1. Return the residues of region 128-151 that are open to solvent by 30 Å² or more (accessible area, probe 1.4 Å) and closer than 17 Å to D64 by Cβ; say none if nothing qualifies.
2. So the check is Cβ under 9 Å with 6+ separation or different chains; which pairs have a first residue in region 92-113 that's touching a residue at least 24 places away in the same chain (Cβ under 8 Å) and among the acidic types (D, E) and a second one that's in a loop (DSSP other than H, G, I, E, B) and surrounded by fewer than 19 Cβ atoms within 10 Å (Cβ to Cβ)?
3. Just to verify a result, which residue in region 41-56, among those that are under 15 Å from W125 (Cβ atoms) and out of contact with any Pro (no Cβ under 8 Å at 6 or more places or on another chain), is surrounded by the fewest Cβ atoms within 10 Å (Cβ to Cβ)?
4. Please enumerate the residues belonging to region 69-82 that are out of contact with any helix residue (DSSP H, G or I) (no Cβ under 6 Å at 6 or more places or on another chain) and open to solvent by less than 30 Å² (accessible area, probe 1.4 Å).
5. Looking only at region 111-150, which residues are within 18 Å of D56 (Cβ to Cβ) and acidic (D, E)?
6. Can you pull out every residue in region 96-127 that is open to solvent by 30 Å² or more (accessible area, probe 1.4 Å) and assigned to a loop (DSSP other than H, G, I, E, B)?
Amino acid sequence: VSMKKKTIISIIFACMIIVSGVMYWNYSKDYSHVIKENWNISIPSDSDYSEVYRKDSESSFNGDGIRYHVFTYENEEPIKKMFSWKIDQGETIYDGNYLDATNKWLDEINVLAISRPQHTDCVYWYKSHEDHSEIIMLWNKKEKRLYVVESFM
């Protein structure tokens, strides 16, 4: 009987490991948790978002470089409430206004025009860190897309 119990316990333990591995895999695939860790902002889960495009510079030892992610969403209201979105072009630390900066950063990682935001249809949110890392988020309400462009120093 004890051998049977050990087998059952082993099977349960193995299943727990597999389930936690699958959960971690799904968590690690969702870039929004990285945005939360780096910038302390969250893409609201009730917006029912999903990532549709990603590209970044090859990761360096320091973690610096460019990262680009595009999300679609179903529910607009949570996106609208995320920030005080700005219509006007603000200035970045090194690369001019938001349009110039995003274009320069996306050029750096060879993002094709078809995968880039249409700036005329977007509103913006910007933040920088003391280390001069920067994030620009662009919201295209018409296309139901959220663009995240980050430059890490």
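The values are calculated or read from the model by the stated rules, or taken from the named source; none is laboratory data. Everything numeric in this text was worked out from a predicted model, so none of it was measured. Note: ideal-geometry Cβ built from the backbone for every residue, glycine included; neighbour counts use all protein chains shown. Side chains included, ligands, DNA and RNA excluded: accessible areas come from the protein's heavy atoms. Shrake-Rupley method; radii C 1.70, N 1.55, O 1.52, S 1.80 Å.
1. S128, H129, E130, D131, H132
2. Short answer, once both residue conditions are applied: E108/S57.
3. Only one residue fits best here, namely S42.
4. H69, V70, F71
5. Matches in region 111-150: D131, E134, E150.
6. N110, L112, R116, Q118
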